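Read-outs: derived from the displayed coordinates by stated rules, not from any lab. Only a predicted model underlies this, so the values are computations on that prediction, with no experimental measurement involved. Positions of Cβ are backbone-derived with ideal geometry, glycine not excepted, and every protein chain shown enters the neighbour counts.
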Amino acid sequence: MSTVGFVGLGDMGSRMVPHLLGADQRVVVFDVRRDRLDAMTALGAVAADSPAAAAHDADVVISAVMSADIPAAHLGPEGILAGMRPETALAVLSTTTPNMLQLISSQMPAGVHLVDAPLIGGVRAGRRRLWADAEAGPPPPVFFDLTTHTTALPRFRANEPL
């Protein structure tokens, strides 16, 4: 069983986490709103007290925060990057700028793989597990295949450099 860290339990995260739990993934979640954490722990997720704690034991971390919240969720001593370890992956689902992704990439620990994976399909598709994402990252063999850790989130892939 893989461990998935999930940061951001809003419109999309709250629809994705149940699919991960249903696929027998251990999911450690964080959100700034306690009610969102409580809703996911009621389904079987484990609550973390910071984005770094959600990332700490994860094989893959999925970030689904609002674009304005990306720096606080990812950077600094309590951010996702502070909790990541080598040979893990960070999938950023937020729609953001190349500059923000480059900032995250420049501060990532060695051996952590960044996947830009903005979602396509919105909340209605997410509820039905029909959304897709377009991933960008280093080309194979360096590309970190998220499907080795979870097949609960279907998608298509276009490997393009960040």
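Filtered by the rule that a residue be in contact (Cβ under 8 Å) with a residue 24 or more places away in the chain and out of contact with any strand residue (DSSP E or B) (no Cβ under 9 Å at 6 or more places or on another chain), region 19-31 gives His19, Gly22, Ala23. Residue check: Ala89 meets all listed conditions (1) in contact with a His (Cβ under 8 Å, 6 or more places away or on another chain); (2) on the phi > 0 side of the Ramachandran plot but one, namely (2).
Mind listing just one residue for me: the one in region 56-76 that is in contact with a Leu (Cβ under 8 Å, 6 or more places away or on another chain) and of a type in the set (Gly, Ala, Ser) and, of those, nearest to Thr88 (Cα to Cα)? If we take residues in region 56-76 being in contact with a Leu (Cβ under 8 Å, 6 or more places away or on another chain) and of a type in the set (Gly, Ala, Ser), then Ser63 is nearest to Thr88 (Cα to Cα).
Residues that are β-branched (Val, Ile, Thr), free of Cβ contacts under 8 Å to residues at least 40 places away in the same chain and surrounded by fewer than 22 Cβ atoms within 10 Å (Cβ to Cβ) number at least 1 in none of the strands (runs of 3 or more DSSP E) confined to region 44-123. Restricting attention to region 1-43, the residues being assigned to a loop (DSSP other than H, G, I, E, B) and small (Gly, Ala, Ser) number 5. Which residues, counting only those in region 13-42, are surrounded by fewer than 22 Cβ atoms within 10 Å (Cβ to Cβ), in contact with a Leu (Cβ under 8 Å, 6 or more places away or on another chain), of a type in the set (A, V, I, L, M, F, W, C) and within 24 Å of Pro71 (Cα to Cα)? Listed by number, the list holds a single entry, Leu37.
Within region 15-44, work out how many residues are of a type in the set (Val, Ile, Thr) and within 14 Å of the chain's Cα centre (by Cα).
Number of matching residues: 4.
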